[in-house]
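The values are calculated or read from the model by the stated rules, or taken from the named source; none is laboratory data. Fair warning: this is a prediction, and the values are worked out from it, not measured in the lab. Note that each Cβ is placed from the backbone with ideal geometry, even for glycine, and that neighbours are counted across all protein chains shown. In case anyone asks, the SASA skips ligands and DNA or RNA and just uses the protein heavy atoms, side chains included. Shrake-Rupley method; radii C 1.70, N 1.55, O 1.52, S 1.80 Å.
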Amino acid sequence: QVQLVESGGGLVQAGDSLRLSCAASGRTFSSSVRGWFRQAPGKEREFVARIYWSGDMPYYADSVKGRFTISRDAAKNTVYLQMNSLKPEDTAVYYCAAGYSRSSYPRDYDLWGQGTQVTVSS
């Protein structure tokens, strides 16, 4: 059974940086696309970034463009989300997901991690 395990969340101040990791464990998993989503209390889960497993075509939500960077390490079967210049509105539970389509919708992703909390204080 394949699992996605996120790590790297925490409590930081506005302007700080964090790097989230999403490692796939279990049998070999070769999804085409890995994505990051986030969900704040009382809000729907929203798209943050995605990347092809080949490393091609990173794509970002407008709200994080220029501040966040998605990347992957194929040897470690891990996807990263580098988050710089964090803002209080970035506070949410961050989830990684794996799928096979180039999509920004949660419904198009088949496998999800358990989430990691990111809290940005002002």
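Looking at residue 95 and the list (1) assigned to a strand (DSSP E or B); (2) farther than 15 Å from residue 7 by Cβ; (3) not charged (D, E, K, R), which single condition is not satisfied?
Status for residue 95: all satisfied but (2).
Given the condition surrounded by fewer than 20 Cβ atoms within 10 Å (Cβ to Cβ), at pLDDT below 95 and out of contact with any strand residue (DSSP E or B) (no Cβ under 8 Å at 6 or more places or on another chain), answer yes or no: does some residue in segment 78-92 qualify?
No - not one qualifying residue is present in segment 78-92.
Test each condition in (1) at pLDDT 95 or above; (2) open to solvent by 60 Å² or more (accessible area, probe 1.4 Å); (3) assigned to a loop (DSSP other than H, G, I, E, B) for residue 64 and report the one that comes out false.
(2)
Here are 67, 72: which of them is charged (D, E, K, R) and in contact (Cβ under 8 Å) with a residue 24 or more places away in the chain?
Answer to the check: 72.
For segment 24-40, enumerate the residues that are touching a strand residue (DSSP E or B) at 6+ places or on another chain (Cβ under 8 Å), at pLDDT below 95 and open to solvent by 10 Å² or more (accessible area, probe 1.4 Å).
Those that are touching a strand residue (DSSP E or B) at 6+ places or on another chain (Cβ under 8 Å), at pLDDT below 95 and open to solvent by 10 Å² or more (accessible area, probe 1.4 Å): 24, 25, 26, 29, 32.
Please work out if residue 69 is among the hydroxyl-bearing types (Ser, Thr, Tyr), open to solvent by 60 Å² or more (accessible area, probe 1.4 Å) and either part of a strand (DSSP E or B) or over 14 Å from residue 6 (Cβ atoms) (or both).
yes
Could you identify the single residue in 95, 60 that is in contact (Cβ under 8 Å) with a residue 40 or more places away in the chain and in contact with a strand residue (DSSP E or B) (Cβ under 8 Å, 6 or more places away or on another chain)?
95
Go through segment 93-122 and give me each residue that's over 21 Å from residue 51 (Cα atoms) and open to solvent by 70 Å² or more (accessible area, probe 1.4 Å).
Matches in segment 93-122: 117, 122.
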